[in-house]
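Visitor: Please read through the structure below; I'll follow up with questions.
The values are calculated or read from the model by the stated rules, or taken from the named source; none is laboratory data. Here the structure is a predicted model, which means the values were calculated and not measured. All Cβ positions, glycine included, derive from the backbone under ideal geometry; neighbour counts span all protein chains shown. To get the accessible areas, we keep the full protein, side chains included, count just its heavy atoms, and leave off ligands, DNA and RNA. Shrake-Rupley method; radii C 1.70, N 1.55, O 1.52, S 1.80 Å.
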Amino acid sequence: MADLPADRLAQEPPFTSVGLDIFGPWTIVTRRTRGGSAESKRWAVIFTCMSTRAVHIELIESMTTSSFINALRRFFSIRGPAKLLRSDRGTNFVGACKELKLDTDDPSLQNYLKEKGCTWLFNPPHSSHMGGSWERLIGLSRRILDAMLLKTRPGQLTQEVLSTLMAEVMAIMNARPLLPVSTDPENPTVLTPAMILTQKMSALAASCGNFDTSHLHEKQWKQVQCLADTFWKRWRGEYLSSLQSRRKWTENRPNIKVGDVVLLKDSQVQRNEWPVGLVVNTIPSQDAKIRKVEVKVAKQGTVKTFLRPVTEIIVLLSQEKTTEDC
């Protein structure tokens, strides 16, 4: 397993290095009409600080790059400018970008990031594990929110309810402990991302009273509290199980070399298809370990080159072994 990236250990203000993802959409009511109601979609951009593990959520209301830039501007205005943005090329992020018509190479977006002195880095395709520092939080919160809000009947969600719910979700996620809870009576407090962001010892207290699904039909503030309680119960249970340490990738293995014949792990191939390729380029990390390679694959007379992590390929024939046999 590789060493931690430098931006994970840098002593810089919160949200200087950020991992981001887009999830949604959800249908909300924009205005009431005599014949019913007018509806529209909303997405959310979740930003995770690489050093403090704090999160920030911004809503997107239109399917344009300009709307995403506005979300970035709001994020930078509240949390300060970031130096580095990281994201993956997973189907979720790519699909959201297509649905939002968001072109990451758009000149207006690149010019805005350049003006802010910010760099946007992408992980290679099929390598979500390289964003483990933020993918776990994003995936967990996204799965719970999607399950909650997709079950909510149309007409119950408004812009105000959704934006307030996202603020409650931020408070819940930022109040989680970063370190094991100490049994020392002289150190009763638990370090949380909220303490780093707000410089306050106490977290935001929940509203008094019990809120269940029956409150979804009542006042808007009760709807928000009901949804926030549901998120808290599900997120707490699923987040605790993710804190168990998993030991993997602890043994040194030979680096993959140019000329190796490999088999691609692709869950989308049809039955009895075995995509075999040739490694044409290797991309070493800072510790000289090869974790990303370019593989050339020929299929039905068409030659394509894919960028893949080493966890998604299997070496069938090593170049070194072939040289020794000769």
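Visitor: Rounded to the nearest 0.05, what FRET efficiency do Leu317 and Asp3 give with R0 = 25 Å and r taken as the Cβ-Cβ distance? Could you check?
Guide: FRET efficiency, Leu317 to Asp3: 0.25.
Visitor: If you don't mind, another one. Given labels modelled 7 Å from the Cα in the Cβ direction, how far is it in nm from Asp106 to Gln199?
Guide: So the two model labels end up 3.7 nm from each other.
Visitor: Would you mind checking Lys114/Lys289; Lys265/Lys299; Lys265/Lys292 for any pair whose Cα atoms are more than 20 angstrom apart?
Guide: Distance filter (> 20 Å) returns Lys114/Lys289.
Visitor: Let me ask you something else. Which sequence of Arg53, Arg136, Arg42 reflects their accessible areas, 1.4 Å probe, from the largest down?
Guide: Most to least solvent-accessible, the answer reads Arg136, Arg53, Arg42.
Visitor: With the crude spin-label approximation of a point 7 Å out along Cα→Cβ, what separation in nm comes out for Lys83 versus Asp266?
Guide: Here the modelled spin labels are 3.9 nm apart.
Visitor: Now for a different question. What figure in square angstrom, to the nearest 10, would you give for the accessible area of Asp7 with a 1.4 Å probe?
Guide: Roll a 1.4 Å probe over it and Asp7 shows about 20 Å².
Visitor: A further question follows. Please work out how much length the chain gains when fully extended from His129 to Leu191, using 0.36 nm per residue of separation minus the C-alpha to C-alpha distance, in nm with one decimal.
Guide: Length gained, His129 through Leu191: 19.7 nm.
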